[in-house]
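Worksheet for the structure shown next.
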Amino acid sequence: MKYDIRDVKLADQGRLRIEWAGNTMPVLRSIQKRFEKEKPLRGVRLSACLHVTTETANLVTALQAGGAKVVLCASNPLSTQDDVAASLVKHHKIAVHAIKGENNATYYRHIQAALAQFPTITMDDGADLVSSLQFIACGRTGGLHPSVRRWYRTLAQRDRRRLVEGVIGGTEETTTGVIRLKAMERDGVLSIPVVAVNDAMTKHLFDNRYGTGQSTIDGIIRGMGANVIVTEADPLRALEATMDGYRVMPLADAAPVGDLFVSVTGDIHVIDARHLRRMKDGAIVCNSGHFDVEVNLPALKKMSVRKRRMRPFVDEYTLKSGRRVFVLGEGRLVNLAAAEGHPACVMDMSFANQALCAEFMHRNAKRLEKRVYPVPAEIDAEIARLKLASMGVKIDRLTREQKHYLSSWEMGT
C-alpha cells in the first residue's frame, strides 16, 4: 500500500482522537454497523479529497466497512491532522496522502495519487479532485496542475480511457465545490453525475451555520461578545442580517471601523487592496471559506514593506504607512488551519450524508444524467430521524386523515 504522511509513529495518538470523535457521531456509527453487514459498497474504488481530521477518519472507516477501497488525500494543505493520517494508515490500512503544511506541488501530487487508483466514485470537498478529472475528460489537460499532467501523460491510451470512463459519479461536501460543479454543468463539461451533499438540510443548516460559526470562533479568539457588522452583496442575506439586529454596510465602510475581519463567501478577493488600505493599525484578517483567495494576499504583500511570522498561524504585514495587518492561517480556512474544525456531533450528519450518498450513487449511477443532483429527500429525512433517535427525541406522526388532507385539494374553509 502506497501512502505519504508525516510520521507513522503518530498513529497511536491519532487512534485515540478518532475514537473520541466517534463517540459523538452516533448517526454515522449506526450507518457503519449496517454497512458492515450489507457491504453495499463492495467493489467500489472510492477516492476522497477531504480534510483529514478525526471526523473524516470515522467517515472513511465506515466506507471501508461497507466494502469500498478508499484512497484519501487532503482538500487543504493546512487542515490535515498528521496523527489521524498516521492512524488511518497503520490501524486501518487506508492509503492516505496528506501532510499538514504541504506545498502546492505536494498537494497536487497527492491528488494525483487519489486519481491513480482509477476510482469508480469520487468524494470531494472543494472539487479539486473532480475538476482534475474533468480537465482530462474534456481534453483540456493544459488546465491540470503540472504534476498531475506529467502523470497523465505516462498513461497508456487504454488507461486514459479507463480513468475517465470508470468513474460512475461523485459527491461534493462544500459550497465552493458545488459552485464549481454547477459551472461545469452549465459549460457542458461535467462528465459524471454528482450529488451536492452540501445542500442537504441535515448538512447545510447545521454544518454550514453552526459548525462553521463555532469552529471559526475557536480558530480566532475562542470567545464571543463582539460588536458585529455584516457586509453583504446578496440583498436577501443583508435583509436577514438586518432583521436579526446586526449593522449592515458595505465592506469599504466597515474597513476603517473593524478590528477583526472574517470572510466566509467562497468568492475571490472579497477583502481586496482597497479595503486593506483603510484598515486600522492592528486589524486582524482571516478567511473561513474554502480556498485562500478570499483575502487578496498578493496585493497585501505588494503593499507591505515587511512580513513577520509572529506565532503559529499569525503573520504580520507592515504597510508603508507603518500600520500593521495580521493575517491568520495564511488566509486559508482558519477554522481548520488554526483550530480543529467543526464539532464531531455536527459532522456526524454531514458525513452520514456522504456515506449514504455514496451508496445511492453506487446503486443508481446508471440511470442518472451528467449533472449536479440534490441529496434525495428520503436520505435527508432518514439522517434527521437517526439523529433524533440518538438524542432520545420522539416526534409525532401524521394520522391517515392528516396525510389525506395534505394530499388533496377538495377540502376548503
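From the helices alone, meaning DSSP H stretches of at least four residues, give me the mean residue ellipticity at 222 nm for the chain, per-run term -39500 (n - 2.57), in deg cm²/dmol to the nearest 500.
Mean residue ellipticity, 222 nm, calculated: -13000 deg cm²/dmol.
When the chain is treated as a GNM, springs tying every alpha-carbon pair under 10 Å, which of 401, 359, 382 comes out with the largest mean-square fluctuation?
Ranking 401, 359, 382 by mean-square fluctuation puts 401 first.
DSSP loop trypsin sites (Lys or Arg not before Pro) in segment 231-334 with at most 11 other Cβ atoms within 10 Å of their Cβ, which ones?
Working: sites: 237, 247, 274, 277, 278, 280, 301, 302, 306, 307, 308, 309, 320, 323, 324, 332; in loops: 277, 278, 280, 320, 323, 332.
Taking segment 231-334 and a limit of 11 other Cβ atoms within 10 Å, the loop trypsin sites (Lys or Arg not before Pro) found are 320.
Do the alpha carbons of any pairs in 37/69; 37/93; 33/387; 203/366; 182/203; 100/203 sit beyond 23 Å of each other, and which pairs? Intermediate values should be presented prior to the final figure.
Values: 37/69 16 Å; 37/93 20 Å; 33/387 15 Å; 203/366 26 Å; 182/203 19 Å; 100/203 26 Å.
Where the Cα-Cα span goes over 23 Å, the pairs concerned are 203/366; 100/203.
Enumerate the whole-percent occupancy of each 5 Å bin, from 0 to the last occupied one, for all C-alpha pair distances of segment 333-413.
Values per bin, smallest distances first: 3, 10, 14, 14, 13, 14, 16, 8, 4, 2, 1, 0.
Per-residue HN-Hα couplings for segment 91-106, Karplus 6.51 cos²θ - 1.76 cosθ + 1.60 at θ = phi - 60°, whole Hz, x for Gly and Pro?
8, 10, 6, 9, 6, 10, 10, 6, 9, 4, x, 4, 7, 4, 5, 5
From the residues 32, 21, 3, which one has its Cα farthest along the dipole of segment 1-46 in the positive direction, the dipole being from +1 and -1 charges on Cβ of Lys/Arg and Asp/Glu about the Cα centre?
Sorting the options by dipole projection puts first 32.
Cut-off 10 angstrom, C-alpha nodes, Gaussian network model of the chain. Which of 145, 342, 110 fluctuates the most?
145
Given R₀ = 45 Å, what would the calculated FRET efficiency be for residue 242 paired with residue 159, taking r from the Cβ atoms and rounding to 0.05? Present the calculation step by step, with values, prior to reporting the outcome.
Numbers: r = 56 Å, r/R0 = 1.24.
Given R0 = 45 Å and the Cβ-Cβ separation, E is 0.20.
Taking the Cα centre of segment 73-126 as origin, sum charge times position over the Cβ atoms of Lys and Arg (+1) and Asp and Glu (-1), and report the length of that vector in debye to the nearest 20. Working shown, then result.
Numbers: 4 positive and 5 negative charges, 39 e Å.
The calculation lands at about 180 debye.
Hey, got a sec? Which chymotrypsin sites (Phe, Trp or Tyr not before Pro) in segment 321-413 land in a DSSP loop and have at most 12 other Cβ atoms within 10 Å?
Details: sites: 326, 351, 360, 405, 409; in loops: 409.
Of the chymotrypsin sites (Phe, Trp or Tyr not before Pro), the ones in loops of segment 321-413 whose Cβ has at most 12 other Cβ atoms within 10 Å are 409.
Can you list the lysines whose alpha carbon sits under 21 Å from that of residue 302, skipping same-chain ones fewer than 8 residues off?
Candidates past the 8-residue exclusion: 280, 320.
With θ set to phi - 60°, apply the Karplus curve 6.51 cos²θ - 1.76 cosθ + 1.60 along segment 108-117 and write out the HN-Hα couplings as whole Hz, x wherever there is a Gly or Pro.
Going residue by residue, I get 6, 5, 6, 5, 4, 5, 5, 5, 5, 8 Hz, with x marking Gly and Pro.
In what order do 199, 396 fall by count of nearby beta-carbon atoms within 10 Å, going from fewest to most? Display every interim value, and only then the final one.
Values: 199 18, 396 6.
In increasing order of surrounding Cβ atoms, one gets 396, 199.
Would you work out the charge dipole size for segment 209-337 about its Cα centre, treating the Cβ of every Lys and Arg as +1 and the Cβ of every Asp and Glu as -1, and quote it to the nearest 20 debye? Intermediate results must be reported in sequence, preceding the final value.
Details: 19 positive and 15 negative charges, 167 e Å.
Dipole of segment 209-337, to the nearest 20 debye: 800 debye.
Just to be sure I understand: with springs between alpha-carbon atoms less than 10 Å apart, which residue in 299, 74, 226 has the highest mean-square fluctuation in the Gaussian network model of the chain?
226
In the calculated pair distance distribution of the chain, what percentage of Cα-Cα distances lie above 43 Å?
Numbers: 12489 of 85078 pairs.
Taking all Cα-Cα pairs of the chain, the fraction more than 43 Å apart is 15 percent.
Which one, 305, 97, 241, is farthest towards the positive end of the dipole of the chain when Lys and Arg carry +1 and Asp and Glu -1 on their Cβ?
Final value for the positive-end residue is 97.
List the trypsin sites (Lys or Arg not before Pro) in segment 113-175 that DSSP assigns to loop (not H, G, I, E or B) and whose Cβ has at most 14 other Cβ atoms within 10 Å. Which are they? List each step's numbers first, then the result.
On the way: sites: 140, 149, 150, 153, 158, 160, 161, 162; in loops: 140.
Answer by residue number: 140.
Return the aspartates and glutamates within reach of residue 394: Cα separation strictly under 15 angstrom, same-chain partners fewer than 8 residues apart disregarded; answer none if there are no such residues.
By straight Cα distance, residue 394 reaches 382.
For 395, 268, 168, which order do you get if you count the other beta carbons within 10 Å of each Cβ and list the fewest first?
Numbers: 395 7, 268 12, 168 18.
The fewest-first ordering by Cβ neighbours comes to 395, 268, 168.
Taking only Cα atoms of segment 48-198, what ratio of Rg to Rh do you get with Rh as the Kirkwood inverse-distance radius?
Values: Rg = 14.6 Å, Rh = 15.5 Å.
Radius of gyration relative to Kirkwood radius: 0.94.
Given an 8 Å cut-off on Cα distances and at least 6 residues of separation, report the relative contact order of the chain as a percent.
Numbers: 789 pairs, mean separation 70.4, N = 413.
Reported as a whole number, the value is 17 percent.
Give the percent of DSSP beta bridges with both residues in the chain that are antiparallel, rounded to the nearest 5. Write down the numbers at each step before the final one.
Numbers: 11 of 46 bridges.
Here the antiparallel bridges make up roughly 25 percent for the chain.
Taking 0.36 nm per residue of sequence separation and subtracting the Cα-Cα distance, how much length would be gained by fully extending the chain between residue 281 and residue 378, in nm to one decimal?
Values: separation 97, 0.36 × 97 = 34.92 nm, distance 5.19 nm.
Gain in length upon complete extension: 29.7 nm.
Among all the aspartates and glutamates, which ones have a C-alpha under 18 Å from residue 2's C-alpha, if same-chain residues fewer than 8 places away are not counted?
Output for residue 2: 82, 83, 102.
Counting Lys and Arg as +1 and Asp and Glu as -1, each charge on the Cβ, what is the dipole of the chain about the Cα centre in debye, to the nearest 20?
On the way: 59 positive and 46 negative charges, 289 e Å.
Computed charge dipole of the chain: roughly 1380 debye.
Sort 267, 187 by Cβ crowding within 10 Å, fewest neighbours at the top. Walk me through the numbers before you get to the answer.
Details: 267 13, 187 10.
Least crowded to most crowded, the residues run 187, 267.
From the backbone phi of segment 258-274, what are the Karplus-calculated ³J(HN,Hα) couplings (6.51 cos²θ - 1.76 cosθ + 1.60, θ = phi - 60°) in whole Hz, Gly and Pro given as x?
x, 9, 9, 10, 10, 9, 9, 10, x, 10, 9, 6, 5, 9, 10, 4, 5
Only the coordinates and a few stated rules stand behind these numbers; no lab work does. What you see is a predicted model; the values in this text were computed from it and never measured. When we count neighbours, we look across all protein chains shown, and the Cβ atoms used for this are built from the backbone with ideal geometry, even at glycine.
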